[in-house]
Amino acid sequence: MFGNKKSNDQVLLNMAEKQQRYEALVHVYHKELYRFAYWLCNDPNIADDLVQETFLRAWRSLDSLIDQKAAKPWLLTILRRENARRFERKQFDYSDVDNDTLVDQTSHSLDDEMEQTVIQRQISLLADEYKEPLLLQVVMGCSGDEIASILDLNKNTVMTRLFRAKNQLKEALSRDDEQLKGASK
Amino acid sequence: MDELEFRRRTIAQPNELDKELLEFANSSPDRQAFLNEHKAFDKQLNDALDIAVPDNLAERIILNTSLKEKARKDDLEQKSNVVDSRSRFKFYRIYLALAASFVIAVSAFMFSSEQNLNHAAGEHALAHVYHELNALNKTQPISLQTVNEKLALLGGQLNDLPGKVTYVNFCDFQGEKGIHLVFASDFGPITVFIVPSDNKVFEIGSGEFSDARYAGHISRGKQADTVLIANLGSPVDVYSERIAGAIRWL
């Protein structure tokens, strides 16, 4: 009988430990994941849902995460899979938000705001194959190796896509810049 | 390392350059400037995408997970019970079938001979409470108007509520529509059934009843019977008369 109680205590202890581990994981990664999801789908509600669903699935397979260092790519893999499932299901629950309505709430000066909005729009215009590695790098701070493993690409391909993504952005931004200058003359 | 490779890698991953590349960059001020420019560009991109995250997102995630997990566990338990009973059912199917047909035969005989005997009123009311125990756990207050909208269909009206009403619904009492409502009292949640007296559901049995957990009281009225059930020890008769008296019948 005492043995039984002991093993019950052990189970409870393990549960508490798992819960603690889980909450730490949520606190460390939820912001980055939300931002990544937001820019991936351009919709705050979908981003919220995606992050919720990602962490729910993470909880269910938390035991499979052995190395804490692998947590970020692991969570990202779950999130990308959830996002893909969104397209498998009928996708009419959400309407696409117009890119013009994307709001940046953290910038301070009007100039910054302007520039950031332009950058946001240009990023959302990138093809997915360029956008995703770029978001992983810039928003999530993933290394080339991590991006390669998350997207299941080889490292050189990742580098090429990052290179092209940034070149396209730079080009588009300098074009916008000229237009702005032209308009102010 | 050549200039082209240097530029390509710097543009792609300015914050992730190996030693060789950094040395190459440091060997010329132009390259250094190029590297700095692209580091700044990455920073600029990061800043532009640094939107505010909704308040309490972390707390909501943790709550959502624990709620969904609980629901899933309950669901799984239920399913495993079903599977269990099914496999047993398969095993004893023939015996079960024999036993069932015997029970049906006997009960059909008794049913026909007893002419649809009603349960004693109290038993019936208690069974109803146990059947819908969840109704006792609600906490959201319901307005007098909502209660009256339902009550109006039976032809009744309440001038005021007996307390904070937390549940109101139509219920079936042996084929007759009645009102099932729950209100909060000093003695815990109290269940009230208001059933038109035409169908004589609560006609049989005494006015007071109780079991190990609940006590009840029936006020038989001209238009409707009011049955009140509360935790053992509550003054059910007082509440019951008060409610029966508060209903005006049109």
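A few notes on this one:
- So A:L62, is it within 14 Å of chain B (Cβ to nearest Cβ) and either within 20 Å of A:A127 (Cβ to Cβ) or in contact (Cβ under 8 Å) with a residue 40 or more places away in the chain (or both): yes
- Qualifying residue in region A:123-132 (condition: more than 15 Å from the chain's Cα centre (by Cα), at pLDDT below 95 and facing another protein chain (nearest Cβ under 10 Å)): no
- Exactly one residue out of A:E17, A:E32 is within 10 Å of chain B (Cβ to nearest Cβ) and either open to solvent by 50 Å² or more (accessible area, probe 1.4 Å) or farther than 23 Å from A:S149 by Cβ (or both): that is A:E32.
- Scanning region B:137-147 for residues that are in a helix (DSSP H, G or I) and buried (at least 17 other Cβ atoms within 10 Å of the Cβ) yields one hit, B:V147.
- Filter pass, A:R85 being within 12 Å of chain B (Cβ to nearest Cβ) and without any contact (Cβ under 8 Å) to a residue 12 or more places away in the chain: no
- Here is the figure for region A:146-163: residues that are of a type outside the set (S, T, N, Q) and either outside any helix (DSSP H, G or I) or more than 9 Å from chain B (Cβ to nearest Cβ) (or both) total 8.
- Among helices (runs of 4 or more DSSP H) entirely within region B:1-92, having at least 2 residues that are at pLDDT 90 or above, in contact with a strand residue (DSSP E or B) (Cβ under 7 Å, 6 or more places away or on another chain) and over 30 Å from A:F55 (Cα atoms) singles out no element at all.
The values are calculated or read from the model by the stated rules, or taken from the named source; none is laboratory data. Keep in mind the model is a prediction, meaning the values are calculated, not measured. Please note: Cβ atoms are built from the backbone with ideal geometry, for glycine as well, and neighbour counts cover all protein chains shown. Surface accessibility is based on the protein's heavy atoms, side chains included, excluding ligands, DNA and RNA. Shrake-Rupley method; radii C 1.70, N 1.55, O 1.52, S 1.80 Å.
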